[in-house]
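None of the figures in this text is laboratory data; all of them are computed from the coordinates on show. If you're wondering where the values come from, they're calculated on a predicted model, not measured in any experiment. All Cβ positions, glycine included, derive from the backbone under ideal geometry; neighbour counts span all protein chains shown.
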Amino acid sequence: MKKLFWLIIIIALAYYGYNNWIPENPTEEIKEETETVQQDPNEWITHSNNSYANYSIQYPGDWSIDQGEGQTVFYSADNIDDVTISLQSSISNINGTQTIKDISGRQVLIIEGEDPNDGSPAKFILFNLSNEKKLEVRGFGSIFDKMVNTLVINSDQPIIEEEKTEEAIEDEKIIEDIEEENSEEEIANNETAEIPESIEKPSTPNEEFVVKVYYQKDPGDNCGSVVGVIKEIDTRYNTEEVNALVTLTLGLSQEEINQGYTTSIPYGARLRNLEITNGIATVDFNSTLNEGGGSCNMAARRAQITETLMQFPDIEQVIITVDGSEEMALQP
């Protein structure tokens, strides 16, 4: 009996020691894993904006974003490269090469030159959102080009309207009241009241510079004689130079024909590209520009295109090409 008792004691001690003193199998240990979230530069992220403009664009996963009122800036991980998207009401004062290209289903203006802030190389791409608002994308390099190719602009644009101050609203009301009084007085005694000097009357758009399109009217023996006509200019594109040339290719209205104006630009001639560098405008058309007509007709076409461009103060010389060739352009 005593032997059985000690046998039970030995077995109990052995069982207890096995479960409490012998180390557990290392393969069965539970290891705590700490996950470190790292952004992969090869994995691009989509940024959607619906505040100052409705668009989406992709950017590298290790870049950061700084979004403000009317502007979004994307910074590279080393803070060397950046891409800025902003809402503009006018074209930046940039000297450089201007080209027209289709991006994101839209014909846009591309200006390649220097950043006016620091003089570094920069490319500016301008998308028309409306006749008065443009989306400007600024940057440089291969990442910038890749980002631009992912840009999608939606047609429903939440354009920011400029808020008028109370003083501006009050001034407009005063001006309206004065103009109404003027109208009544003109009927009565043909006299007009003066607007107080303290109130600045809003200026009329393009009151200093009016874009013209050049046609012929009774040229006689002078094949290169053209005259400027003030008319409704196409507004689909980003610069007045491009819009004026596009309007020229659209031909004359019936009213202008009745007034005796004629054009030598053939139907179907289309603007392919316009570059303005150091005052020299190189304008490229499709091959239709060369069709039909003799030497006098070609001289008239050259004069219409040249004078339409030379009216702009930033252009001092015009080079006309057809399908990229100057030698083949407007040859009789």
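Using θ = phi - 60° and the Karplus curve 6.51 cos²θ - 1.76 cosθ + 1.60, what whole-Hz ³J(HN,Hα) does each residue of the stretch 139-145 get, with Gly and Pro shown as x?
x, 6, x, 5, 5, 4, 4
Could you work out the Kirkwood radius for the stretch 44-153, taking every pair of different alpha carbons, averaging 1/r and inverting it, reported in Å?
After inverting the mean inverse Cα-Cα distance, the result is 14.1 Å.
When TRP63, TRP44, TRP6 are ordered from fewest to most other Cβ atoms inside 10 Å of their Cβ, what list results?
Fewest-to-most Cβ neighbours within 10 Å comes out as TRP6, TRP44, TRP63.
Can you sort ARG301, ARG138, ARG236, ARG272 so the residue with the fewest Cβ neighbours within 10 Å comes first?
Placing the least packed residue first, the sequence is ARG236, ARG272, ARG138, ARG301.
Given LYS146/LYS231; LYS134/LYS231; LYS134/LYS212, which pairs have Cα atoms separated by over 28 Å?
LYS146/LYS231
Between ILE103 and LYS231, how many nm apart are label points set 7 Å from Cα along the C-beta direction?
3.2 nm
Which whole-number percentage describes the relative contact order of the stretch 217-294, with Cα contacts under 8 Å and a sequence gap of 6 or more?
21 percent.
With each pseudo-label sitting 7 Å past Cα toward Cβ, what's the TRP44-SER142 distance in nm, one decimal?
For TRP44 paired with SER142, the spin-label model returns 1.4 nm.
Take THR97, THR46, THR308 and order them by how many other Cβ atoms sit within 10 Å, fewest up front.
Taking fewest neighbouring Cβ atoms as first place, the list is THR46, THR97, THR308.
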